[in-house]
Amino acid sequence: MALVEIDLLSVPVFVLGVEASGELRYVAINIAFESLTGLTRDKIVGFEPSGCMPRRVAANMEVGYRRCVAERRPMEYEERRATPIGRRWFRTFLTPELDSRTGAVLRVAGVAVDITEGKELERELERAAIIDELTGIANRRGFMRCAHEARTLVEAESLALGLVLVDLDDFKRINDRHGHLVGDEALREIARRMRGAFPHAEIVARLGGDEFVALVRADGDDELDAAVAHLYAHLNQPLTLGSLTLELGASVGAARWLPGLALRTLIARADARMYAAKTPERPRPLPPAALPTLALLKPDF
């Protein structure tokens, strides 16, 4: 393997020698690798990874190195390492040098490229895809992702969950009379109140417009009814914005997620119950006692 002046390279570079016994020892590193590890080359070169780094760190690093030796081919992978400036993400590229006669691996050259900024951007984009920008809670996509994961637990572990749908009453009138800025604040307030009512919910999300949803723990019908009543107490409070006071109201529908019940059926049942809470004359939430009983919403299988 032709050696270049690796100190001229700005990315961490290292070379490992492969001994006949199978041991791996550093035979060369550059200045950038010293910065990465916080160790000078006299503390690294000539040592095995486990001889110059914490045992757990070395063990994790050696997994990739030994795989490269065993498979005798170039490879790349992502890894997260502790550095003097905190934990950072790297994409590591390994290239083996083979003995021309025996085919055995003599050395492994590695390059570690810091991809932390890209990872953080990726995480921000992923978060943006599942978070509602206006309210800061999950959006429809975020809810669907969580719900599909929760369904596995409902089926496999009999996790007791209930789905709660919320629709802000007369929201169009708020927008028409007071403007969209006030309407936006009303939506944000509904989100805050739902999180306050369900601090331990699996998820609280805005499905779109003035519709919200939550997945909450509910071991039985009575517990879910109590959760709905608790939510009403949070929702049916005036919202004061400067000199303006709005009487907020919302309709709520809930259904238990029992094993065998499809998500779309669960949503449809909670949705039917939510609209049963509305009346044409006065679209305000009915007290829990006036809502259809949960027994009517159980799966028909």
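Odds and ends about this structure:
- Rounded to whole numbers, the Karplus 3J(HN,Hα) couplings from phi for region 117-133 are 4, x, 5, 5, 5, 4, 5, 5, 5, 5, 5, 4, 6, 10, 10, 6, 5 Hz, using 6.51 cos²θ - 1.76 cosθ + 1.60 with θ = phi - 60°, and x at Gly and Pro.
- Across all Cα pairs in region 89-159, the calculated P(r) in 10 Å bins from zero up to the longest distance comes to 16, 21, 20, 18, 15, 9, 1 percent per bin.
- Other-chain or far-sequence residues with amide H under 5 Å of ALA104's (modelled H): ASP99
- Each Lys or Arg adds one and each Asp or Glu subtracts one; over the other residues with Cβ under 12 Å from the Cβ of MET61, this totals +3.
- Helical contribution to [θ] at 222 nm, DSSP H n ≥ 4, -39,500 (n - 2.57), averaged over the chain, rounded to 500: -12000 deg cm²/dmol
- Proximal charge balance of LEU36 [Cβ under 14 Å; K/R count +1, D/E count -1]: +3
- For the chain, the longest principal axis of the C-alpha atoms and the axis of helix 263-276 are separated by about 30°.
- Extension gain for GLU48 to ARG177 (0.36 nm times residue separation, less C-alpha to C-alpha distance): 39.2 nm.
- Positive minus negative residues near GLN237 (Lys, Arg vs Asp, Glu; Cβ under 10 Å): -1
- Principal-axis tilt of helix 55-71 within the chain, Cα atoms, nearest 10 degrees: 70 degrees
- D (Stokes-Einstein, µm²/s), Kirkwood Cα radius, region 131-297, 1.567 mPa s at 4 °C: 81 µm²/s
- Spherically averaged projected area of the convex hull of Cα atoms, region 29-84: 4.2 nm².
- Karplus-derived HN-Hα couplings along region 211-222 (A = 6.51, B = -1.76, C = 1.60, θ = phi - 60°), whole Hz, x at Gly and Pro: 10, 10, 8, 9, 10, 10, 6, 8, 6, x, 4, 4
- Among (1) 89, 52, 28; (2) 58, 45, 39; (3) 60, 42, 34, the entry derived from the coordinates for Cα extents along the principal axes in Å: (1)
- Inter-part distance where region 80-141 and region 204-242 are each reduced to a Cα centre, Å: 40 Å
- Relative contact order (%) - the chain, alpha-carbon pairs under 8 angstrom, separation at least six: 13 percent
- Kirkwood Rh (inverse of mean 1/r, distinct Cα pairs), region 8-120, angstrom: 14.3 Å
Throughout, read-outs are computed from the coordinates displayed, never taken from laboratory work. Bear in mind the structure is a predicted one, so any value in this text is a computation, not a measurement. Positions of Cβ are generated from backbone atoms using ideal geometry, with glycine treated the same way; all protein chains shown enter the neighbour counts.
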